[in-house]
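The values are calculated or read from the model by the stated rules, or taken from the named source; none is laboratory data. Owing to the predicted nature of the structure, the values given are computational and were not obtained by experimental measurement. Here the Cβ positions follow ideal geometry from the backbone for every residue, glycine too, while neighbour counts run over all protein chains shown. Side chains are part of the model used for accessible areas, which takes the heavy atoms of the whole protein and leaves out ligands, DNA and RNA. Shrake-Rupley method; radii C 1.70, N 1.55, O 1.52, S 1.80 Å.
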Amino acid sequence: MSRRRPPLLRLVGLFWSTSVAAEMEYRTDFALAVLNSGFGLLTTLFGLSLVFGDGPSFAGWTWHQAMAVVGVFTILEGFTRAVLEPNLGQIVRHVQQGTLDFVLLKPVSAQLWLSTRGLSPWGFPDVALGVGLTVWAALRAGAGAADLALALVPLAAAVVTLYSLWFVLATTSIWFVKIYNVTQVLRTLVEAGRYPVSVYPFGHRMFFTFVVPVAFLTTVPAETLVGRGSWAWIAASVGLAAALALAARAFFRFALRFYTSASS
Amino acid sequence: MSVGSAEVVIHVEDLAKHYRVADKQPGVVGTLRHFVRRKHRLIEAVRGVSFDIARGEMVGFLGPNGAGKTTTLKMLTGLVHPTSGEATVSGFVPFRRDADFLRQITLVMGQKQQLVWDLPALDSLRINAAVYDVPKAEAERRVGELAEMLTISDILTQPVRKLSLGQRMKAELLAALLHRPTVVFLDEPTLGLDVNAQTAVRAFLRDYNERYGATILLTSHYMADITALCERVLLVHDGRLVYDGDLAAMVARVAPHREVEVELEQPLPAEQLAALGEIERVDGCVVRWLVPHGALTRTVAQIMQTLPVRDLRVTDPPIEEIIGRVFSEPAPGAKA
């Protein structure tokens, strides 16, 4: 008979409050994070303005609709910085230093621990800027409250998809130990999500839809947001997220069988 | 060694762990060869080890580096899957990592830390209390009690990075024992600590064992840890168990003599000294005899009565030397 598991929300709340407290020891980092977010956003918008320099629309997207894509991308960047990096980025270190042992010895899901133990407030400025830009651009593109509410579904699916891809790659460190580069490659590929996937040539579109599903990360939520989405794409994004989440979990369990623990 | 009728908490039978590791020659040629055609080699870290440990026992796990001690501990805590054989701890199969099993055990590793570096230990302890489902009031009571036993009540609010190595190790012990595990695995818990901190950690472990009846399996390079805490030792060498039994009995068998060193008022003729027993060394007024355990009291009494003694000391050969002898000549009845 298994005893009651500790209330997960309370646990995650504790994880995050201690994690933020640890980060707050370094105050100047916050100012740098705000500057970094603002500068990154301005650079993207400048690039977008060059693309739209020739007319009011490009590859079927208006300026405001394309800005909604940038907004969704910025939210995901913030999520990456706030949650994925401080957690999944640490898995490699845990494997190298052998501290994964402590995680595996705890009577809670190791995946939950590895995915939620840290929270970096330095991703918050990106999330705030991204949400602000997305809502503003969507409203300017003629979106209504229903569009905004419906877009939360593919956006949540995008978060789960991105997390699952990162988690699978981070899990491979159990075999390969040094996989910083692999997650860096994923980050670079996800950069393509700054722009609607239809701006890319056919081959790239196929790659970003079916191989590295960047289209589901930013384009599908943004399309839903500005009223260009379809139920089929929303369903596909939810299905993809669910499949990847289950696959990531199964893959992690499989990988643990090969964990040999760093020698003392 | 049998644990008799006592309740067996740790049962290990024919346990083995083999690793496949890359084998690379040094130099540029070796590197290129390794890149093109990778060679692997099988390491038999643990080879068919069997033993039982009863509830409340404190057992020392000894062996040179690479003998298989840590690998065995990791199999017993469920961190590493055994290649073959059987292990149960409190009736659980460790590698299944059942939550109820994990609540009953802990692993303290002298060279790894779980406390958050930038925060006071209390923050990490709050997390551990939540993870192990210890109610807040009970957690506070336990922290108070363990902190008092470890004499670290006043440092729990300081960031861990500001603590000395000894204080940090004590805080690590507190974090590892907050859920009050009944089976405690310790891997080099006093590594790098100064003599005072080592003594304090030993005293704490003995106290914890007595108060809560915990079963403790301990590896250490410091023989003083083992002699102070464990009556029974398991000696592993090259992945095999070469001795399982009473520490004192092993010492008596492998080193059947004790050393009696006497400082005399003045030098005496060798034949007068030899009449009292086997002389190991004579250096002016200082004489050292090797005396069998059974003859110790009689010989010491004779020396005191017949010789002009200024000072007398009775010592054992260093335990490291004794262990070395066991490794070089597997003891009779050793388990392979």
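Here are some notes:
- Filtering region B:176-209 to residues that are farther than 17 Å from residue A:105 by Cβ, out of contact with any Gly (no Cβ under 8 Å at 6 or more places or on another chain) and not aliphatic (A, V, I, L, M) leaves B:198, B:199, B:202, B:204, B:206, B:207, B:208.
- Among residues of region A:195-212, those that are over 17 Å from the mean Cα position of the chain (by Cα) and hydroxyl-bearing (Ser, Thr, Tyr), counted: 2
- Selection count where residues are of a type in the set (Phe, Trp, Tyr) and either more than 20 Å from residue A:122 (Cβ to Cβ) or modelled with pLDDT under 90 (or both), scope region A:59-98: 2
- In region B:119-132, the residue that is nearest to the other protein chains (Cβ to nearest Cβ) out of those that are within 30 Å of the chain's Cα centre (by Cα) and not in a helix (DSSP H, G or I) is B:132.
Residue-wise test of (1) buried (at least 20 other Cβ atoms within 10 Å of the Cβ); (2) away from chain A (no Cβ under 14 Å).
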| site | (1), (2) |
| --- | --- |
| B:189 | yes, no |
| B:203 | no, yes |
| B:206 | no, yes |
| B:209 | no, yes |
| B:216 | yes, yes |
| B:220 | yes, no |
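- Failed criterion for residue B:298 (all others in (1) in a helix (DSSP H, G or I); (2) in contact with a strand residue (DSSP E or B) (Cβ under 6 Å, 6 or more places away or on another chain); (3) open to solvent by 60 Å² or more (accessible area, probe 1.4 Å) hold): (2)
- Residues that are within 17 Å of the chain's Cα centre (by Cα) and in a helix (DSSP H, G or I) within region A:213-238 comprise A:214, A:215, A:216, A:217, A:218, A:219, A:220, A:221, A:222, A:237, A:238, listed in sequence order.
- Against the conditions (1) free of Cβ contacts under 8 Å to residues at least 12 places away in the same chain; (2) open to solvent by 70 Å² or more (accessible area, probe 1.4 Å); (3) under 30 Å from residue B:44 (Cα atoms), residue B:249 satisfies every one except (2).
- Checking each residue in region A:201-212 for being free of Cβ contacts under 8 Å to residues at least 12 places away in the same chain and outside any helix (DSSP H, G or I) picks out only A:201.
- Exactly one residue out of A:224, A:172 is touching an Asp or Glu at 6+ places or on another chain (Cβ under 9 Å), touching a residue at least 60 places away in the same chain (Cβ under 8 Å) and of a type in the set (S, T, N, Q), and it is A:224.
- Hey, residue B:28 over 30 Å from residue B:228 (Cβ atoms), out of contact with any Leu (no Cβ under 8 Å at 6 or more places or on another chain), more than 13 Å from chain A (Cβ to nearest Cβ) and open to solvent by 30 Å² or more (accessible area, probe 1.4 Å) or not: yes
- Within region A:209-264, the set of residues being on the phi > 0 side of the Ramachandran plot and within 14 Å of chain B (Cβ to nearest Cβ) comprises just one member, A:261.
- Search result, residues across region B:52-89 that are open to solvent by less than 10 Å² (accessible area, probe 1.4 Å), more than 14 Å from chain A (Cβ to nearest Cβ), touching a Leu at 6+ places or on another chain (Cβ under 8 Å) and modelled with pLDDT of 90 or more: B:53, B:59, B:60
- Residue list for region B:252-272, restricted to those being among the hydrophobic types (A, V, I, L, M, F, W, C), over 19 Å from residue B:311 (Cα atoms) and either without any contact (Cβ under 8 Å) to a residue 12 or more places away in the chain or open to solvent by less than 20 Å² (accessible area, probe 1.4 Å) (or both): B:255
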